1. Quick one: compute the contact order of the chain, relative version, from alpha carbon pairs under 8 angstrom and 6+ residues apart, as a percent.
2. Counting only helical runs of four or more DSSP H residues, what would the 222 nm mean residue ellipticity of the chain come to if each run contributes -39,500 (n - 2.57) and the total is spread over all its residues?
3. Helix 231-265 versus the longest principal axis of the chain: what angle, 0 to 90°, nearest 10, using Cα atoms?
4. Over region 1-138, what relative contact order in percent results from Cα pairs under 8 Å that are six or more residues apart?
5. Expressed as an acute angle from 0 to 90° and rounded to the nearest 10, what is the orientation of the C-alpha long axis of helix 280-301 relative to the principal long axis of the chain?
6. Rounded, prolate or oblate: which one fits region 8-126, using the alpha carbon gyration tensor with axes a ≥ b ≥ c (rounded when a/c is under 1.5, else prolate when a/b beats b/c, else oblate)?
7. How far apart, in nanometres, would the label points at Asn81 and Ala297 be if each is projected 7 angstrom from Cα along the Cα-to-Cβ direction?
8. At a Förster distance of 22 Å, what's the computed FRET efficiency of Glu44 paired with Phe94, Cβ-Cβ distance as r, to 0.05?
Amino acid sequence: MLKRYHIVEGKILPTDAEPAPIWVVVCPDDAEKRLLVDTLKLDEHTLNSALDPDEVSRLEFEPEHLAVIFKRPKSYTAEDNFLFKVLSAGAFLFKDRLVIVLSEDVPLFDGKLFQRTSTVASAMIKLIYRTVYHFIEHLKVINMLSDSLENKISQAMENRYLLSLFTLEKSLVYYLNAINANANVIEKVRAASARLGFTTEDQEALEDLAIENQQCYKQAEIYSNILSSLMDARVSIVNNNISVLMKTLNIITIGIMVPTFVVSAFSMNVQIPFQHHPMAFWIVMGMSFSAMLAFLAWWRLRRW
C-alpha cells in the first residue's frame, strides 16, 4: 500500500498528487517493490531488510540516496500475551524525497512533533524521534503491567503470573538491543550530517534526538534491572504461598483425623464402654469434639 504526503505550511498532509515529496509504503507487494527498485533505484536487499524484524539497524550510503534501517516497537495486541515485539523500518532519503517502508500500517505524522516540518530531512529526523517516544510509551505500559502482576503474585500459587513477568523481562531485552542499535544509527547520521547537507536546525534536532534516545535506553535498562533483580523474590513469594497452603491443609487433615480416630474406636464390633448407655452417641460425639479442640489448642500453643 502506497501513501503520498506533501509538506504544506510546516505540516505533513496526505495527497493524491504524483510528485509527492514523502512516500509511505506499507507491506509492499511485488509491483510496489519493483516500482521502488526500478524507478527509485533502491537496493532490493536493503528494501527487504526494512521488512525483516530480525534485521540489524544500519546506515548505508547509496549513489542517489541515504538508506536508514532502524528499529521500532510493534503495536501491542492482546494476542501478543505480554510479549512486546520489535520491527524494522526503512527510511530512504533523497535530495527532494523521503520514502518510508513499514511492515505494518500505523499513524506516522500526527501530533505536535510534525507541526513545523520544512524539509524531507527534518521529516526523517522527526520520524525517528517519534519512534523513541513510542518506545518510551511502551516502557510505561510494561512498568504498569509489571506492577499489576506483582500484586497478583503476592496471592498467587501458580506459575501463570511468573511466566508473564518472564515474558516482560524478555521484551525489555529486545527493547534494549533495539534502542542501542538505533543509537548507533543516530550517531552515524550526526557524523555525516554536514556531508548530507543537513541544515543547522536539523543538526540540532539530531543532537536532541541522540539525548532522548540515550534517556530512553537508560529508562529501559532500569526497568530491566529491577525486573530481573526482584524475580527471585517473586519466585520465593509463590513458594511461600504454597507452603502456607500446605500447612493449612495439614491442619485440616489432622484436625479431621483426631475425632475420626475416637469415633472409629467406639465403632468396633467388640465389647466397648458405654455401649448400653442411653447417651452413648452424645458421649462419643463429645469426646470427638473435645479431642479436636485439644489438638487445635496444642497446635496453637506450639505456634506451628
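FYI, it's all coordinate maths here, none of it is from the lab. The structure displayed is predicted, hence computed values, not measured ones. Glycine also receives a Cβ, built like all others from the backbone with ideal geometry; neighbour counts cover every protein chain displayed.
1. Details: 370 pairs, mean separation 46.3, N = 304.
Relative contact order here is 15 percent.
2. Values: 8 runs with 168 residues, N = 304.
Here the helix-only value at 222 nm equals -19000 deg cm²/dmol.
3. It works out to around 20 degrees.
4. Working: 231 pairs, mean separation 35.8, N = 138.
Value for region 1-138: 26 percent.
5. 50
6. Values: a/c = 1.66, a/b = 1.16, b/c = 1.44.
Because a/c hits 1.5 or more and a/b fails to exceed b/c, region 8-126 counts as oblate.
7. If labels sit at Asn81 and Ala297, their model points lie 5.4 nm apart.
8. Details: r = 17 Å, r/R0 = 0.78.
Working from the Cβ atoms, E equals 0.80.
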